[in-house]
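What follows is a set of notes on a single structure, which appears directly below.
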Amino acid sequence: MTQPLSYSSYLKLDELLALQQPKAVPAHLDETQFIIVHQAFELWFKLVLHEIDEIFLALGKNDLRSATRLVRRITQIERLWLEQIHILETMSPTDFLRFRDLLGPSSGLQSWQFREIEFASGLKDPRFLALHEGNPQAHARLKARLAAPSLWDAFLAALAKAGLDIGAGRMGSLKALYQDPAQEPLHALAEALIEYDEYLALWRAHHIHMVSRMIGGKPGTGYKIVEKNLKGDQAMGTQGVDYLGSTLSRKCFPELWEVRTVLEHP
């Protein structure tokens with residue numbers, strides 16, 4: 001007889017709660033929270049990718065309202081990221097060092113889901129594919145996302161559907177979003193996208209401070225992987241905080257930031 005669906009069976013709690021498997025012997029309590037925090041991040045990354053794909057579908061149907069709502073949902077998830085990353089700061093640096101060496105070369109650089117979010121958002125760098133050649137599924141997904149249109153491409157397509165120039169006169173079209181009341185739906189979407197971009201940058205900033213607080217100027221755990229796969233390319237090397245600092249200037253939608261410089265009083 002089939003058992004009725006329960007909270008536990010619906011959420012697969014038995015399987016989920018068995019996925020935390022610390023390596024330290026004897027066990028160290030901070031390793032369990034370290035694992036759970038990072039697993040939770042990966043679940044949020046999965047949801048963000050799900051929402052991004054829904055945004056593409058909404059924009060394909062010119063449903064600007066739904067697309068804007070979903071972008072704002074992602075921003076709320078990013079707000080959670082900012083809070084979640086500070087849980088790691090409840091460890092002392094010495095507590096982290098008790099199990100850090102057990103991580104080996106594993107690194108957040110290997111989070112293919114986060115890299116897929118970046119690719120979908122327009123931050124495409126094919127060099128990162130080399131880091132995932134040992135994972136065929138991840139490599140295939142990243143390769144497909146690299147070739148697919150980005151959120152910016154989908155946004156430009158929405159501008160074109162509204163009769164706005166997306167070629168040489170594109171900056172004028174972007175200005176129109178902020179100055180022409182008739183373009184309010186696109187304006188709302190543009191503001192949702194730039195907020196998404198802003199919180200992604202804030203997450204990077206919080207992340208770099210957390211890492212600095214934990215390991216200071218030590219190299220990141222993924223440095224050897226990058227050296228091996230990317231031929232020692234200094235622009236890609238993960239020298240801990242220094243590498244993370246180099247990512248702070250990345251913007252998914254630079255033209256939405258640039259248009260603010262050329263806006264005029266109506």
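Derivation of every value follows stated rules applied to the coordinates shown; laboratory data play no part. None of the values given here were measured: they were computed from a predicted structure. Note that we place each Cβ from the backbone using ideal geometry, even for glycine, and neighbour counts take in every protein chain shown.
Strictly over 24 Å apart at the Cα level, which of LYS46/LYS175; LYS12/LYS46; LYS143/LYS175; LYS46/LYS161 would you flag in this model? Walk me through the numbers before you get to the answer.
Details: LYS46/LYS175 34 Å; LYS12/LYS46 17 Å; LYS143/LYS175 34 Å; LYS46/LYS161 30 Å.
Table pairs above 24 Å Cα-Cα are LYS46/LYS175; LYS143/LYS175; LYS46/LYS161.
For the chain, modelled as a GNM with alpha-carbon contacts under 10 angstrom, which of PRO93, PRO181, PRO22 fluctuates the most?
Maximum fluctuation in the GNM of the chain, among the listed residues, is at PRO181.
Helix 184-215 versus the longest principal axis of the chain: what is the Cα-based angle in degrees, 0 to 90, to the nearest 10?
Once rounded, one gets 20 degrees.
Taking θ = phi - 60°, what integer Hz values does the Karplus form 6.51 cos²θ - 1.76 cosθ + 1.60 yield along the stretch 117-123, in sequence order, with x for Gly and Pro?
Whole-Hz 3J(HN,Hα) from phi for the stretch 117-123: 4, 4, 4, 5, 8, x, 8.
Just to confirm a number: summing +1 for Lys and Arg and -1 for Asp and Glu over residues other than ARG260 whose beta-carbon lies under 13 angstrom from that of ARG260, what do you get?
Details: positive: LYS175, LYS251; negative: GLU191, ASP197, GLU198, GLU255, GLU258, GLU264.
Once positives and negatives cancel, what remains is -4.
Let me understand the stretch 159-204 better: what is its radius of gyration from the alpha carbons, and its Dmax, in angstrom?
Gyration radius and largest Cα-Cα distance of the stretch 159-204: 12.2, 36 Å.
If you take the alpha carbon radius of gyration of the stretch 1-143 and divide it by 2.2 N^0.38 Å, what ratio comes out, to two decimals? Don't jump to the answer; show the numbers that get you there.
Numbers: Rg = 18.4 Å, N = 143, 2.2 N^0.38 = 14.5 Å.
Its radius of gyration relative to the 2.2 N^0.38 Å reference: 1.27.
Using the Karplus curve 6.51 cos²θ - 1.76 cosθ + 1.60 with θ = phi - 60°, work out ³J(HN,Hα) for each residue of the stretch 56-69 in order, rounded to whole Hz, and write x for Gly and Pro.
Working through the residues one at a time gives 4, 5, 5, 5, x, 9, 6, 8, 5, 5, 5, 4, 5, 4 Hz.
Starting from the stretch 1-91, pick out the trypsin sites (Lys or Arg not before Pro) whose DSSP state is loop and whose Cβ has at most 14 other Cβ atoms within 10 Å. Intermediate results must be reported in sequence, preceding the final value.
Details: sites: LYS12, LYS23, LYS46, LYS61, ARG65, ARG69, ARG72, ARG73, ARG79; in loops: LYS12, LYS23, LYS61.
Here the sparse-neighbourhood loop sites are LYS12, LYS23, LYS61.
Measuring from label point to label point, each 7 Å out along Cα→Cβ, what is the GLU133 to SER8 span in nm?
4.6 nm
Report, in deg cm²/dmol and to the nearest 500, the calculated mean residue ellipticity at 222 nm for the chain, where each DSSP H run with n ≥ 4 adds -39500 (n - 2.57) and the sum is divided by the residue count.
It comes out at -20000 deg cm²/dmol, rounded to the nearest 500.
Run the quick spin-label model on GLU89 and HIS209: label points 7 Å from Cα toward the beta carbon, then report their separation in nm to one decimal.
Spacing of the two 7 Å Cα→Cβ label points: 0.5 nm.
Using only Cα atoms, find the angle between the long axis of helix 170-179 and the longest principal axis of the chain, and express it within 0 to 90 degrees, rounded to the nearest 10.
80 degrees
Among GLU83, GLU118, which comes first, second and so on when ranked by fewest other beta-carbon atoms within 10 Å? It would help to have the intermediate numbers written out before the result.
Working: GLU83 9, GLU118 20.
In order of increasing Cβ crowding within 10 Å: GLU83, GLU118.
Can you work out D for the chain in µm² s⁻¹ from Stokes-Einstein, where Rh is the Kirkwood radius over C-alpha pairs, the temperature is 20 °C and the viscosity is 1.002 mPa s?
Numbers: Rh = 20.7 Å.
It comes out at roughly 104 µm²/s.
If r is the Cβ-Cβ distance from LEU17 to GLU255 and R0 is 41 Å, what FRET efficiency results, to the nearest 0.05? The partial results should precede the final answer.
On the way: r = 45 Å, r/R0 = 1.10.
Efficiency for this residue pair is about 0.35.
Karplus couplings for the stretch 162-168 from phi (6.51 cos²θ - 1.76 cosθ + 1.60, θ = phi - 60°), rounded to Hz, Gly and Pro as x?
Residue by residue, the stretch 162-168 yields 7, x, 9, 6, 10, x, 5 Hz.
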